[in-house]
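Enquirer: Let me give you the structure first, and then I'll get to my questions.
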Amino acid sequence: PPPGHNRASAAGLVAAGGIIAPVIPPSIGFVIFGVAANVSISKLFLAGIVPGLLLGVGLCFAWWWVVRKENPARLPRKSITEIWRALIDGFWALMLPMIIILGLRFGIFTPTEAAVVVAVYSLVVAMGVYRELRPAQLPALLASTAQTTAVVMFLVAAALVSSWLITVAEISDQIVALVQPFAGNKTLLTFVLMIIVVIVGTALDMTPTILILTPILMPIVKQAGIDPVYFGVLFIINNAIGLITPPVGVVLNVVCGVARVSMDDLIRGVWPFMIAQLVVLALLTLFPVLVTGPAKWFGG
């Protein structure tokens, strides 16, 4: 049998799996959307947990479909001892999302305070437990963080200019007029808005898309009576999927470089998983309770 799975399909799975990160807290996408839309970031974090898990389930089914005819050589099964050692070794890393979820769930800290807690916790674990970070590396790490923050803030500034231009050009009024025939049906209106975001996501990166479209779409969403938290989760999922849609899929370019797979092969490998995630997005649109139900439970 062949030594492993098809390289393009495996790379496509990695790319599609990577975009679940913006949906599972902590999520920079939710933070940016929450600030731009004036929506509770805590509620967005908690509402994104179950949809993020559903995206993972969708990838499992897609992978099963893709590899059902393959017969790769199987690696020897790990012993219980090895599994237990790996679990113990990863315990401190696995505690990170639990700290965020439980802290927000029981009101121990706000999302802003959670960022500080997580940063300190990660620093302590990386330096004291795993010893993968040395004190001498901290200056370079802080400089890299400052550069990343500066890039995001420049994008925010540019988006504010774009938002002003959109307002002056009355583009938001044109979009409102475009979707007005669907305003009487929340589900149909959400579908139309998701289609608009998918189209925009093929050409723009995630952060600019959030910052540019949020001021345009939120008045429509509020006027139609759609839950802003529910819409925010779908909006971020849609933007995340945009990271693997050609021609500007940022994640596709990263995976191409790391996996040494051509863009053409990777696009062929990723499309079954992208379709699976779009199906999950459609289900969340058709059945809002899949988002609002768990969100109410997590939020108490």
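Enquirer: Please work out the Cα center distance from the range 246-300 to the range 93-113, rounded to the nearest Å.
Expert: The range 246-300 and the range 93-113 have Cα centres spaced 25 Å from each other.
Enquirer: Leu53 to Lys78: extension gain in nm, 0.36 nm per residue of separation minus the Cα-Cα distance?
Expert: Additional length available on full extension: 6.5 nm.
Enquirer: Next question. Counting alpha carbon pairs within less than 8 Å and at least 6 residues apart, what relative contact order, in whole percent, applies to the range 86-205?
Expert: Contact order relative to length: 11 percent.
Enquirer: Run the numbers on the chain and let me know its relative contact order in percent, using alpha-carbon pairs under 8 Å that are six or more apart.
Expert: Relative contact order comes out at 36 percent.
Enquirer: At 7 Å along Cα-to-Cβ for each site, give me the label-to-label distance between Val289 and Thr202 in nm.
Expert: Distance between the two pseudo-spin positions: 3.5 nm.
Enquirer: Using 0.36 nm times the number of residues separating Ala157 and Leu142, minus their current alpha carbon distance, what extension gain do you get?
Expert: Between Ala157 and Leu142, full extension yields an extra 3.2 nm.
Enquirer: Restricted to Cα positions, what overall size does the chain have along the principal axes? Three whole-Å values, descending.
Expert: The Cα atoms of the chain stretch 61, 47, 38 Å along the principal axes, largest first.
Enquirer: Only Cα pairs under 8 Å and at least 6 apart count here; give the relative contact order of the range 146-270 as a rounded whole percent.
Expert: That works out to 25 percent.
Enquirer: Mind sorting Arg85, Arg134, Arg105 by how few other Cβ atoms lie within 10 Å of their own Cβ, fewest first?
Expert: Placing the least packed residue first, the sequence is Arg134, Arg85, Arg105.
Enquirer: Once you order the gyration tensor axes a ≥ b ≥ c over the Cα atoms, which shape class does the range 14-53 get: rounded for a/c under 1.5, otherwise prolate or oblate by comparing a/b with b/c?
Expert: oblate
Enquirer: Here is a follow-up. What order, most packed first, do the peptides 59-66, 18-25 have when packing is the mean number of other Cβ atoms within 10 Å of each residue?
Expert: Answer by packing, highest mean first, reads 18-25, 59-66.
Enquirer: Now a separate question. Can you tell me which of 243-250, 107-114, 259-266, 143-150 comes out highest on packing, and rank the rest after it, using the mean Cβ neighbours within 10 Å?
Expert: 243-250, 259-266, 107-114, 143-150
Enquirer: I would also like to ask the following. Measuring from a point 7 Å past the Cα of Met95 along Cα-to-C-beta, which residues in the range 23-63 have an amide N at less than 20 Å?
Expert: 25-26
Enquirer: Using a 7 Å offset from the Cα along the Cα-to-Cβ direction at both Ala183 and Ile275, what is the distance between the two label points in nm, to one decimal?
Expert: 3.7 nm
Enquirer: If each of Ala119 and Gln174 carries a label point 7 Å out from its Cα toward its Cβ, how far apart are those two points in nm?
Expert: For Ala119 paired with Gln174, the spin-label model returns 4.1 nm.
Enquirer: Mind listing the Cα extents of the range 22-175 along all three principal axes, in Å, largest one first?
Expert: Projected onto its principal axes, the Cα set of the range 22-175 covers 64, 48, 34 Å.
A short reminder: the numbers here are calculations on the coordinates, not readings from a lab. Just so you know, these numbers come straight off a predicted model, no measurement behind them. As a convention, Cβ positions derive from the backbone with ideal geometry for all residues, glycine included, and neighbour counts pool all protein chains shown.
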